[in-house]
Amino acid sequence: MVPLIGDERLDYLLDERLRIIQSPSVFSFSLDAVLLADFVGIPLKKGKIVDLCSGNGVIPLFLSLRTQGEIIGVEIQERLYDMANRSIQYNQLEEKIKMIHGDIKNAPSFLGSEKYDAVTCNPPYFKKTNSIEEININEHLAIARHELLCTLEDSISVASQLVKQGGKVAFVHRPGRLLDIITLMRANRLEPKRIRFVYPKAGKEANILLVEAIKDGKPDLKVLPPLFVYKDGNNYTEEMSKILYGK
């Protein structure tokens, strides 16, 4: 039995095929991770995938349901790295998923360049700030949410270095950074090919952005139909329920 530490709990993922270790005071995955893992195009059988800024390993776990390929997660925070490893052990996925404790900015040096079929990243969303009020006093959450240890530019540059020519790179972020993302991707040989905006419900502004690019791809951007999370009340839409639960 995999041990739990402090206020950690063992939660189910998606349709209850997998479980994940989470902690309300350290890290719990969000809808963003679920959407990114569903959105990215990955090889179904053989292939190598890297997830940057992995946190407690939620995206590698989600991706393991979609591919038989090798998945590597990179996480700088030791506590989250340890949680991810124990979740992998609990689900008996040690042969499929490997976690690396390290700085994503150094990932090409320890993973190698242009070796991977796909790279995913759910990076910190908020730019670095000196305002104490704007940074969560919880160090783990602050690092996950603010560009304290890596910037958007860092993560896009590293993703481009890791992925093969013709390979895919997918990010989830906030719509307000769309132009930054496209500019940085093109500066790093990543051509945006698919974009999708996610809305809390009809009539609301988009609050999540999904972008997938191909390394050295030809310009041909497709804006996919909008995804609405909730319908009337607090019930998930049919598409969101299918993404979350496979139903």
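All of Tyr12, Tyr81 fail the test of being part of a helix (DSSP H, G or I), touching a strand residue (DSSP E or B) at 6+ places or on another chain (Cβ under 9 Å) and hydroxyl-bearing (Ser, Thr, Tyr), apart from Tyr81. Please verify whether Arg86 is modelled with pLDDT of 95 or more and over 16 Å from the mean Cα position of the chain (by Cα), treating the condition exactly as stated. Yes; evaluated as a whole, the condition is true for this residue.
Applying the condition of being assigned to a strand (DSSP E or B) and hydroxyl-bearing (Ser, Thr, Tyr) to the range 89-126 and asking which residue is surrounded by the most Cβ atoms within 10 Å (Cβ to Cβ) yields Thr120.
Rundown of residues vs (1) open to solvent by 60 Å² or more (accessible area, probe 1.4 Å); (2) part of a helix (DSSP H, G or I); (3) more than 29 Å from Val198 (Cα to Cα), yes/no style:
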{"position": "Pro3", "(1), (2), (3)": "yes, no, yes"}
{"position": "Glu16", "(1), (2), (3)": "yes, no, no"}
{"position": "Pro43", "(1), (2), (3)": "no, no, no"}
{"position": "Lys46", "(1), (2), (3)": "yes, no, yes"}
{"position": "Thr67", "(1), (2), (3)": "no, no, no"}
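So, Arg86, is that one in a helix (DSSP H, G or I), touching a residue at least 40 places away in the same chain (Cβ under 8 Å), open to solvent by 60 Å² or more (accessible area, probe 1.4 Å) and not small (Gly, Ala, Ser) or not? The answer is no for Arg86. Residues considered: Lys96, Lys105. Of these, the only one that is more than 24 Å from Val26 (Cα to Cα) and among the basic types (Lys, Arg) is Lys96. Entry remark, the range 225-236: residues being under 12 Å from Val198 (Cα atoms), open to solvent by less than 70 Å² (accessible area, probe 1.4 Å) and not in a strand (DSSP E or B) number 2 in total. Of everything listed in (1) surrounded by 23 or more Cβ atoms within 10 Å (Cβ to Cβ); (2) more than 13 Å from the chain's Cα centre (by Cα), the single unmet condition for Val26 is (1).
The values are calculated or read from the model by the stated rules, or taken from the named source; none is laboratory data. Keep in mind it's a predicted model, so treat the numbers as computed, not measured. Cβ coordinates were reconstructed from backbone atoms using ideal geometry, including for glycine residues, and neighbour counts include every protein chain displayed. The protein model used for the area step is the full one, side chains on, heavy atoms only, and it has no ligands, DNA or RNA in it. Shrake-Rupley method; radii C 1.70, N 1.55, O 1.52, S 1.80 Å.
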